[in-house]
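Report on one structure; see the data block that follows.
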Amino acid sequence: MHAFGVAASEPAARHLALALGRIGRRARFVGATGFALADDLLALRRGDAVVVFQPGRALQELTVLVERARAVGARVVLVTDELGEQFGDRVDAVLTAPHTPTGITSEALTALVVADVLLLALTTLVEPGRWTPPTS
């Protein structure tokens, strides 16, 4: 599993990758942008899962990451506030992590909650060491 997040989305992606590793899942954090992202994209393989934390701005890296995942046969889950409609037909699932209307809480808070929900789902549904991304 690859967890991508930059800027305010980085904590959620790092948290997901770290926690998955602690429960025995192969996971890595991806936070590179620009030219440096190419190295991380080379690691994507058929059957991998990519969880992208990208709240509202459609970075070029998001498009490149989704296209590379599709090209190699990896699955993509997008955790976002505003990009669901724009990327919904290019990813396998969109999970909404809305910003709080008051702006009082951190932008990363809801993405961290979604990461924890994903972790809980994986730990309750699958035996350790036997997780594989779903196929359709």
Residue-span extension gain [GLU85 to GLN60] - 0.36 nm each, minus C-alpha spacing:
7.4 nm
Taking amide H atoms as placed 1.01 Å from N in the peptide plane, list the residues 5 or more away in sequence, or in a different chain, whose amide H sits under 5 Å from that of ARG75.
GLY47, ASP48, ALA49, VAL50
For the range 43-102, averaging the sequence separation of alpha carbon pairs under 8 Å that lie six or more residues apart and dividing by its residue count, the contact order in percent is 36 percent
If you average the sequence gap of Cα pairs under 8 Å that are 6 or more apart and divide by the length of the chain, what percent do you get for the contact order?
25 percent
Residues whose built amide H sits under 5 Å from the amide H of ASP81, excluding neighbours closer than 5 in sequence, are GLY56, ALA97
Per the Debye formula with a single identical scatterer at each Cα and no solvent contribution, what log10 I(q)/I(0) holds for the chain at q = 0.13, 0.16 Å⁻¹?
-0.50, -0.77
Residues in the range 12-26 reached by a label modelled at LEU109 [backbone nitrogen below 16 Å; 7 Å Cα→Cβ]:
12
Average accessible surface area per residue within the chain, 1.4 Å rolling probe, Å²
55 Å²
Expressed in nm to one decimal, what extension gain is obtained for the pair ASP39 and LEU122 from 0.36 nm per residue of sequence separation less their Cα-Cα distance?
27.1 nm
What does the charge count near ALA71 come to, summing +1 for each Lys or Arg and -1 for each Asp or Glu among other residues with Cβ under 14 Å from its Cβ?
+4
What does a probe at ALA93 reach in the range 41-72, counting residues whose amide N is under 16 Å from the point 7 Å along Cα→Cβ?
47-54
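The values are calculated or read from the model by the stated rules, or taken from the named source; none is laboratory data. Bear in mind the structure is a predicted one, so any value in this text is a computation, not a measurement. Here Cβ is always computed from backbone atoms with ideal geometry, including for glycine, and neighbour counts include all displayed protein chains. Only protein heavy atoms, including side chains, enter the accessible area calculation; ligands, DNA and RNA are left aside. Shrake-Rupley method; radii C 1.70, N 1.55, O 1.52, S 1.80 Å.
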